[in-house]
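One structure is given here, and the rest of the page talks about it.
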Amino acid sequence: MLYSVRMRAAQGGAHELGGRHISGAERLVGFSRVAEVTNDMLIRAFSHTRGRADFINVKVEAIENSCLQTAPLLPVHTITVPDAAAGREAAKKALMAAGVMPVAVREGFSRLLSLPDSMRGAMLLCGKTGQRLDDTGMRGIRVSRMDIENEPLFSTWLEKQGFRNIHVREALVLAAKVASAPGIIAELCWSDDPEYTTGYVASPEKGYFRVSHLKPLGSPLGGRIFFLRPEADPSLAADYLQNQPVLITLPEGEATK
Ligand code: WAQ
Ligand code: MG
């Protein structure tokens, strides 16, 4: 039995009452780690660079082993650029290479860049037209119920790659779950944490491309977009992203690299 532990924190009251999103986190851990993981999440919410939370929701739910699926970690590539303008150009190219149509790429960037503040979740957009497919407004679709299968192995692997921060660690797991969702073409993401400028484009076909700058240092505006195939069922994808418990596996050979 595993436990899904989810946290969302806001400032100025609960999200649903108009509070500003501060941070969120999701893990799938054994019973013996629930307290530790919950405590870490509370500490994070109270010491976040987006501001101090005054509303924190922590949800713990048991997950039957028979419900678990697995998905592989994506191969990781890094694109180093001098600034956010160059990074956005590189990300646009990577999205198009993954199969997102140019008009949808433009639409995606313009939607993220015109947000008044960061959302708590992601937008689902049609990868052909850029039309918004979910009806969650400023809340967005929150990917949840995922974690790495073998944490010690993952930690060793991350260390060897030189990935030493929590952002990349969490993003690799989230992007692997997203890439395994039905109908996904690609994902675009950059952080809403002011000090973290690295973002990524990920897709099941091409893997995870880190882009060293996708926003200027100091900006609290981040976000995520999931581009779907035009023929995909958005509610099926949203259900998988939000509800299906998934453990991410390190591919054979990767573990020893
Ligand atoms: N599900 C859906 N959307 C989410 C989730 C989630 N579980 N978590 C965050 N978001 C959305 C939300 O709109 C946030 O404002 C935005 O993404 C950014 O979230 O390889 O840290 O957690 O070094 O700030 C990329 C790592 C880090 C790149 C991204 O995102 C690398 C990051 P953050
Ligand atoms: Mg953040």
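Fraction of C-alpha pairs exceeding 24 angstrom in segment 35-191: 45 percent, rounded to a whole number. A dipole drawn for the chain from +1 and -1 charges on Cβ atoms has a positive end, and of Gly108, Gly127, Leu28 the residue lying farthest that way is Gly108.
With +1 on each Lys and Arg Cβ and -1 on each Asp and Glu Cβ, and nothing else charged, work out how big the dipole of the chain is about its Cα centre, in Debye to the nearest 20. Each step should come with its number before you reach the end.
Values: 30 positive and 28 negative charges, 115 e Å.
Here the chain has a charge dipole of around 560 debye.
Largest GNM mean-square fluctuation across Pro220, Pro72, Pro116, computed for the chain with C-alpha springs under 10 Å, falls on Pro116. Normalised per residue, the accessible area of the chain is 45 Å², obtained with a 1.4 Å probe and no contribution from ligands, DNA or RNA. Packing-based ranking of 51-59, 96-104 yields 96-104, 51-59, ordered from highest to lowest mean Cβ neighbour count within 10 Å. Computed about its Cα centre, the charge dipole of segment 80-125 is approximately 100 debye, with only Lys, Arg, Asp and Glu carrying charge at their Cβ.
Could you compute the FRET efficiency for Gln131 and His77, with r as their C-beta to C-beta distance and R0 at 41 Å, rounded to 0.05? Once rounded, the FRET efficiency stands at 0.90.
Modelled label positions at Gln69 and Asp239, each set 7 Å beyond Cα in the direction of Cβ, lie 1.1 nm from each other. Distance from the Cα centre of segment 202-257 to that of segment 17-93, in angstrom? Spelled out, the Cα-based centre of one part sits 12 Å from the other.
Packing, taken as the mean count of other beta carbons within 10 Å per residue, orders the peptides 61-69, 33-41 from highest to lowest as 33-41, 61-69. Under the criterion of Cα pairs below 8 Å and six or more residues apart, the relative contact order for the chain equals 25 percent. Charged side chains reduced to their Cβ positions (Lys and Arg at +1, Asp and Glu at -1) give segment 107-181 a dipole of some 120 debye around its Cα centre.
The values are calculated or read from the model by the stated rules, or taken from the named source; none is laboratory data. From a predicted model like this one, the values you see are computed outputs, not experimental measurements. Methodologically, a virtual Cβ is constructed for each residue, glycine included, from the backbone with ideal geometry; neighbour enumeration extends over all protein chains shown. Quick note on the areas: whole protein, heavy atoms, side chains included, nothing else; ligands and nucleic acids left out. Shrake-Rupley method; radii C 1.70, N 1.55, O 1.52, S 1.80 Å.
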